[in-house]
Structures are given as C-alpha cells and as structure tokens.
Amino acid sequence: MIFDSQDSLPVVGSTAKELGVRIGVDIHVDAGGNVNLDENGMSVAPRWQDLPRYRIPKRLRAVVPGASGSNSVACFVMGNGAFADGIVASGLKLIPDRKPQPITHGVVAPISAVSLTQYQADLASTRSSWQIDET
C-alpha cells in the first residue's frame, strides 16, 4: 500500500494501493448504499511474499524474483495471528479463500450489513494497526 511519509502508515483511500476498497471491484453496494455480504472485501494475504508480483515493490526482487510493483508502495502486516476466519477489528472479519492449501489470499469484510461509509470507516480505523514488513 502507499504509505504516508510522515508516519509510515498506509494511506486511506479507495484505490488498489490504499487502505480501503474499490466499489464494483472489491465490493458491491446495494441500492440503499449498503455493502453486500457476499464474502468480498479488501484483499489481503497471509504473507507479503504471497502477494501478486505486480504488488510487490521492485526493490524486493532479491527476495521475490519477478517483483514488479512500484517502489512508492510498501508491504504491510496487521497483527501476528493465524490467517484464519474470524474477527480482526471492530466491525471487520477476515475471510480466507476457500480453496485447497496453501491459502494465499483472503478478504477483510464487514461482520454485518453496514453502509459503505461505515465499512470504509471501519477499515480506516485499522490504520494504526498496520506496520511495514519487508523482511
């Protein structure tokens, strides 16, 4: 994600490189402005090395051959628990992909039906929980 040079925390927004979600891509919103509870949300990975190569900064090619992402982004981690289905923050849950092991992707989704504004606010409230992790 893009990070703020003042505090090294992720920038909140609604692009693929920010802490947030893209409407119609990451999540779907109903006519009433509520996020659909369809197991979609902000994409996450159990380890930054599991991210698509185009999301990993080029400067990390020594660690991940083929990394081709912008050097203006950083790889972040939130917490150190298992990458397992469950609550990760107020109003938010982790839903790992339901496919054969190893799991390399999941989403952070709302726990219950909420407005898009509330979901984005819940994601933004996790900002201070993210740390750059590129080792």
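The values are calculated or read from the model by the stated rules, or taken from the named source; none is laboratory data. In this text, all values refer to a predicted model and were calculated from it rather than measured experimentally. Cβ placement follows ideal geometry from the backbone for every residue including glycine, while neighbour counts extend to all protein chains displayed.
Below is a table of values for the structure above.
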{"quantity": "Where residue 22 falls short, out of the listed (1) under 21 Å from residue 135 (Cβ atoms); (2) surrounded by fewer than 19 Cβ atoms within 10 Å (Cβ to Cβ); (3) at pLDDT 95 or above", "calculated": "(1)"}
{"quantity": "The one condition in (1) more than 15 Å from the chain's Cα centre (by Cα); (2) closer than 23 Å to residue 2 by Cβ; (3) not small (Gly, Ala, Ser) that residue 114 fails to fulfil", "calculated": "(2)"}
{"quantity": "Matching residues in the range 125-135 - criterion: being surrounded by 14 or more Cβ atoms within 10 Å (Cβ to Cβ) and part of a helix (DSSP H, G or I)", "calculated": "127, 129"}
{"quantity": "Residue within the range 40-48 that is assigned to a loop (DSSP other than H, G, I, E, B) and of a type in the set (Val, Ile, Thr) present", "calculated": "no"}
{"quantity": "Criterion (surrounded by fewer than 16 Cβ atoms within 10 Å (Cβ to Cβ) and either β-branched (Val, Ile, Thr) or closer than 21 Å to residue 3 by Cβ (or both)) met by exactly one of 98, 61", "calculated": "61"}
{"quantity": "Leading residue by the ranking (surrounded by the fewest Cβ atoms within 10 Å (Cβ to Cβ)) among those in the range 67-79 that are of a type outside the set (Phe, Trp, Tyr) and closer than 18 Å to residue 42 by Cα", "calculated": "79"}
{"quantity": "Single residue of 14, 72, 5 found to be over 16 Å from residue 131 (Cα atoms) and of a type in the set (Gly, Ala, Ser)", "calculated": "14"}
{"quantity": "Test for residue 63: is it assigned to a strand (DSSP E or B) and more than 23 Å from residue 118 (Cβ to Cβ)", "calculated": "no"}
{"quantity": "Only listed residue being on the phi > 0 side of the Ramachandran plot and out of contact with any Leu (no Cβ under 6 Å at 6 or more places or on another chain), chosen from 81, 32, 66, 20", "calculated": "66"}
{"quantity": "Subset of the range 1-14 [assigned to a loop (DSSP other than H, G, I, E, B) and either within 11 Å of the chain's Cα centre (by Cα) or in contact (Cβ under 8 Å) with a residue 60 or more places away in the chain (or both)]", "calculated": "1, 8, 9, 14"}
{"quantity": "Pairs where the first residue, in the range 31-58, is over 29 Å from residue 71 (Cβ atoms) and aliphatic (A, V, I, L, M) and the second is assigned to a strand (DSSP E or B) and at pLDDT 95 or above, C-beta under 9 Å, 6+ apart", "calculated": "35/27; 35/29; 35/109; 35/110; 35/115; 37/109; 37/110"}
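Results for (1) assigned to a loop (DSSP other than H, G, I, E, B); (2) under 25 Å from residue 8 (Cα atoms), shown as yes or no for each residue.
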| residue | (1), (2) |
| --- | --- |
| 80 | yes, yes |
| 83 | yes, yes |
| 102 | yes, no |
| 123 | no, yes |
